[in-house]
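Remarks on the structure that follows.
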Amino acid sequence: MDKTLINLLTILLGGGGLFSVLTKYSVPELNATFWGKNIFAVKRDIIEKVMTRIFILMSALGLVIQVFGEILRVPARIYSIEFYFCLFVIGFVVTLGIVFLCAFVGKKIAKIKWLPEIIKSQRELFNQAKYIIAHDCWREDQTDRSN
């Protein structure tokens, strides 16, 4: 075994472990209440799933860059320490921008997914409340008996 092979194997094992932790399974029964689905748990699960996928995509891209750098034998250092420091600072600022952009886009994508789900799960309760308000606080089953 050479150093390149060991580095590639550790990158793959570390990445595989990271992705196996991030790919979660949501148990639907945990979102249940006496009145149907817990809309806040549904919202949380959808937001978490979208943000996890964005994180996996960014991590996978980082792993691919590391692997290509290792395979192509990029020289260890060809620039000065000041250049690497400036590059790090600029890269850090750009990365922060990417993180905030991904969070913003992730929240928008998650909202597109969770809003219809919550509306669908609460539609029946809304219709019942609408009927009660329209009929002087009588439920539909109570108005049938009172006639």
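Can residue 79 be described as outside any helix (DSSP H, G or I) and at pLDDT 80 or above? Answer is yes for this residue.
Residue 40: closer than 30 Å to residue 114 by Cα, at pLDDT 80 or above and more than 13 Å from the chain's Cα centre (by Cα), yes or no? Answer is yes for this residue.
Across the range 33-43, not a single residue is classified as assigned to a helix (DSSP H, G or I), touching a Ser or Thr at 6+ places or on another chain (Cβ under 9 Å), in contact (Cβ under 8 Å) with a residue 12 or more places away in the chain and within 26 Å of residue 13 (Cα to Cα). Number of residues in the range 95-147 that are at pLDDT 85 or above and not in a helix (DSSP H, G or I) equals 2. When residue 115 is tested against the conditions (1) farther than 30 Å from residue 8 by Cα; (2) loosely packed, with under 12 Cβ neighbours inside 10 Å, the lone failure is (2). Of all residues in the range 118-138, those being surrounded by 12 or more Cβ atoms within 10 Å (Cβ to Cβ) and over 24 Å from residue 32 (Cα atoms) number 4.
Please determine, by comparing only the residues of the range 15-37 that are within 18 Å of the chain's Cα centre (by Cα) and of a type in the set (Phe, Trp, Tyr), which one is modelled with the highest pLDDT. Out of the qualifying residues, it is 19. Restricting attention to the range 54-74, the residues that are touching a residue at least 12 places away in the same chain (Cβ under 8 Å) and assigned to a helix (DSSP H, G or I) add up to 11.
The values are calculated or read from the model by the stated rules, or taken from the named source; none is laboratory data. Everything quoted here is computed from the prediction, not taken from an experiment. Virtual Cβ from ideal backbone geometry, glycine too; neighbours counted across all protein chains shown.
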